[in-house]
Structures are given as structure tokens and as C-alpha cells.
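Since the structure comes first, as C-alpha cells, the remarks are kept for the end.
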Amino acid sequence: MATKENQALYWKENLTYIIILLGIWFTVSYLFGIVFADALDSIKIAGFPLGFWFANQGSEVIFVLLIAIYVKLMNHLDIKYDVHER
């Protein structure tokens with residue numbers, strides 16, 4: 001059984017993961033895909049401008065990777081605080 005202190009630490013660490021991962025997604029989808037797209041267009045990936053790639057596929061690809069990273073982080077966190085499924 002988790003104590004109140006362990007529950008608070010668990011959620012604090014969980015929220016830290018969420019904030020960091022959403023910050024990465026915001027950077028990739030909004031900043032790279034919209035704000036800095038013109039500057040990134042000078043770099044080409046498979047013949048496409050990098051800003052275009054971020055706006056059209058990059059944010060989705062990064063989002064799926066971030067979901068996988070979050071699952072892995074949460075599995076480790078669940079084990080650390082002994083709240084994992086047995």
C-alpha cells in the first residue's frame with residue numbers, strides 16, 4: 001500500500017514527465033512546424049524542406065514516439081513506487 005507521501009512523489013514525478021514531453025511536442029509541432037518553418041526550409045530531408053516535414057509529418061511522428069517514451073517511463077515509475085499491475 002502506498003503512503004500519502006509516496007503518492008505525492010509519484011504524481012509529482014508523473015507530472016514532470018508530462019510537462020517535459022508536452023514541451024518537446026509543443027516545440028516540434030508549433031515552433032518547428034509553424035514559427036521556425038521558413039528558417040528550417042533551407043534544410044532538406046528526402047528532397048522536402050525540413051519546415052514542411054515538421055508541419056506535415058514531424059509532429060505526428062514525434063507524438064507517437066513520445067507516447068512510447070511515456071509508457072516506458074511510467075512502467076518504470078510504477079515499479080519504483082510499487083503501484084504496478086501484478
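Computed 3J(HN,Hα) for the stretch 31-41, one whole-Hz value per residue from the Karplus formula 6.51 cos²θ - 1.76 cosθ + 1.60 where θ = phi - 60°, is 5, 6, x, 10, 5, 9, 4, 4, 5, 6, 5, glycine and proline marked x. Per residue, the chain exposes 75 Å² of accessible surface when a 1.4 Å probe is rolled over the protein heavy atoms with every protein chain present.
Quick check: residue separation of T3 and I20 times 0.36 nm, minus the Cα distance between them. What number comes out in nm?
Values: separation 17, 0.36 × 17 = 6.12 nm, distance 2.59 nm.
Stretched out fully, the T3 to I20 stretch lengthens by 3.5 nm.
Let me confirm the definition first: pairs of Lys residues in the chain, 8 or more apart or on different chains, C-alpha distance under 29 Å. How many are there? Provide the component values of the computation, followed by the final result.
Working: K4/K12; K4/K72; K4/K80; K12/K72; K12/K80; K72/K80.
Taking the Cα cut-off of 29 Å, the pair count is 6.
The chain has equivalent-ellipsoid semi-axes of 37, 13, 6 Å, by the square roots of 5 times the alpha carbon gyration tensor eigenvalues, sorted largest first. Within the accessible surface of the stretch 18-76, defined with a 1.4 Å probe on protein heavy atoms only, the carbon and sulfur portion equals 77 percent.
Surface calculation, 1.4 Å probe, protein heavy atoms: S59 sits at approximately 20 Å² accessible.
The values are calculated or read from the model by the stated rules, or taken from the named source; none is laboratory data. These numbers come from a predicted model, not from an experiment. Side chains included, ligands, DNA and RNA excluded: accessible areas come from the protein's heavy atoms. Shrake-Rupley method; radii C 1.70, N 1.55, O 1.52, S 1.80 Å.
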